1. Loop only by DSSP, 14 or fewer other Cβ within 10 Å of the Cβ. Give me the trypsin sites (Lys or Arg not before Pro) in region 167-255 that pass, ordered by residue number.
2. Can you compute the modelled spin-label distance between Val225 and Lys15, with each label point 7 Å from Cα toward Cβ, in nm?
3. What is the ratio of the Cα radius of gyration of region 258-322 to 2.2 N^0.38 Å, where N is its residue count, to two decimals?
4. I'd like the distance separating the alpha-carbon centroids of region 174-215 and region 12-50, in whole Å.
5. Of the options Met232, His293, Ile260, report the single residue whose Cα projects farthest towards the positive end of the charge dipole of region 200-322 (beta-carbon charges: Lys, Arg +1; Asp, Glu -1).
6. Principal axis extents for region 214-322, Cα atoms only, whole Å, descending order, please.
Amino acid sequence: MTATDNTRQMKHYRKWAKDKNPFLAPIYLEFAASSEYIYKMINAVKKGKRIEGDLPLPKIKTWLKLYKNPKRIGKELFNLMGQYDENSAKQAEILQFINEGAEFLKKNPEKFKTEYEKLPLEEKQKIYQQSMQMFEELNESSIRDLLEEVNEAKRNTFLNSIKNPELIFFFRVHAPCFMLYGTYPHMLLRNAQSGDDKALDKLIRLDKSIIFEPKISEIIHQAQVLKAQGKMLTIQKAFIGKPKATISLKKVKILLGGLISYFSIKMNQKLSAAEIRNLFDAIAMDNNDDIDHDLEDLVGAVFEKPIQRSRKFWDVILADKK
């Protein structure tokens with residue numbers, strides 16, 4: 001495909017991106033466009049497939065610690081994104097810089113402004129030109145990635161990167177927990193430990209390894225007495241069963257919409273729920289559809305609320321709060 005041909009592609013996305021942050025617009029595009037792939041992967045996990053291959057699961061002590069430390073997951077997600085290809089490595093670098101530097105800039109805006117104003121005019125112009133060139137390269141590379149078929153080599157590179165405990169936990173437990181139950185693993189665990197039988201049922205269906213957590217293990221131990229036979233039966237059914245709730249492409253798109261919202265706020269350039277919805281529609285129109293039909297019933301405030309909930313999901317694992 002020639003450069004001219006390429007600039008004619010994705011015209012609806014290009015129109016959407018015109019007044020958006022030039023560094024983040026192509027990254028938002030990649031987030032939104034990856035919805036179907038993420039959906040297939042998490043749905044496979046829900047059905048019991050091992051996306052990480054035949055490697056043994058992390059040691060139980062390591063696994064259970066991840067319920068208490070979601071921030072470790074966020075760091076590994078940045079690393080994973082950077083391993084896919086050269087374009088994703090650049091994007092991961094930008095996102096990590098934003099994530100780590102945003103709080104500093106918010107707390108010290110005058111210091112940043114003062115340092116920038118000290119620069120000679122030529123240096124400022126050079127920074128601007130380099131930034132715009134980098135944006136153009138990122139934007140066109142993201143569009144090329146979207147237009148290309150995901151080849152087997154790239155898919156294998158991605159799957160082979162999901163080897164460490166944090167990423168396995170994210171795809172097997174953390175993300176499915178939020179999309180299936182609307183809560184976080186550590187909160188579901190806390191409720192189950194406090195005697196909430198419904199939370200216990202959900203947790204065991206999601207992650208069989210949780211029976212080795214000391215408090216959950218004690219609950220199961222005590223459920224063997226005659227008066228608790230009903231609870232023991234529930235536990236047995238949960239252990240051989242799968243989560244009852246369903247994962248939909250719609251839920252995945254809302255989750256990724258929350259990620260887009262999270263980074264737009266980090267840059268102090270918050271995108272409204274309507275703007276995020278318009279991005280999904282633009283992608284659909286560039287694929288010869290009229291709107292994104294997965295989200296067609298979510299407009300205005302109806303879309304704002306799930307975006308807020310999803311943004312909190314990412315805040316739990318990504319926010320650089322010290």
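Every read-out reported here was derived from the displayed coordinates using simple, explicitly stated rules and does not represent laboratory data. Because the structure is predicted, anything quoted here is derived from the model rather than measured. Here the Cβ is made from the backbone with ideal geometry for all residues, glycine too, and neighbour counts use every protein chain on show.
1. Numbers: sites: Arg172, Arg190, Lys198, Lys202, Arg205, Lys208, Lys215, Lys227, Lys231, Lys237, Lys244, Lys250, Lys251, Lys253; in loops: Lys244.
Sparse-neighbourhood loop trypsin sites (Lys or Arg not before Pro): Lys244.
2. 6.9 nm
3. Values: Rg = 13.0 Å, N = 65, 2.2 N^0.38 = 10.7 Å.
That ratio works out to 1.21.
4. Cα centres, region 174-215 to region 12-50: 27 Å.
5. The residue sitting most towards the positive pole is Met232.
6. 60, 41, 22
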